[in-house]
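For reference, the structure is listed below as structure tokens.
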Amino acid sequence: MKTARLSHLYEAEGPFATGMVDVSHDSENGAHEHELRVRQAGQTLTELGADAVVTQMVQERLSEQLPDAAPVGRFVVATKEAVLLDETMHARVDSPVTSWGADVVVSSRAVMAGTPVAALLRWDQS
């Protein structure tokens with residue numbers, strides 16, 4: 001796994017919000033389903049304690065439609081200052097995955113191009 005492009009995450013100040021959703025539009029209701037998945041991710045971030053600024057940044061990025069053919073998922077890591085990572089993967093994301101806290105939670109699927117692995121790695125900064 002190539003992790004060099006993740007090194008700036010280790011240097012960033014948290015807390016971090018992560019969100020991973022399926023952004024495919026390959027069905028008649030694809031756009032509506034995408035919207036519902038993004039909304040669910042935002043609601044979960046709010047329930048986890050993320051502030052409105054970072055939740056909105058994650059939702060806005062996850063809401064953007066991509067030209068990629070399905071299946072396609074999107075993975076975002078943000079702080080209230082900026083989106084730090086925005087990756088796509090050509091794989092289904094069965095349900096939204098979110099986290100909020102001092103640790104960066106990185107989807108190995110988002111950094112392992114072409115590999116159908118979907119493990120989450122906790123990056124403890126303490």
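The numbers here are math on the coordinates, done by the rules we state, and not lab data. Since the model is a prediction, treat every value here as computed from it, not as a measurement. Glycine also receives a Cβ, built like all others from the backbone with ideal geometry; neighbour counts cover every protein chain displayed.
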Mind giving me the nanometre distance, one decimal, between the label points for residue 95 and residue 81, set 7 Å out from Cα along Cα→Cβ?
3.4
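Could you list 55, 18, 46 so that the one with the fewest beta carbons within 10 Å of its beta carbon is first and the one with the most is last? Let's see the in-between values first.
Working: 55 23, 18 26, 46 15.
Least to most surrounded, the residues fall as 46, 55, 18.
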For segment 1-72, the Rg and Dmax computed from alpha carbons only, in angstrom
14.1, 42
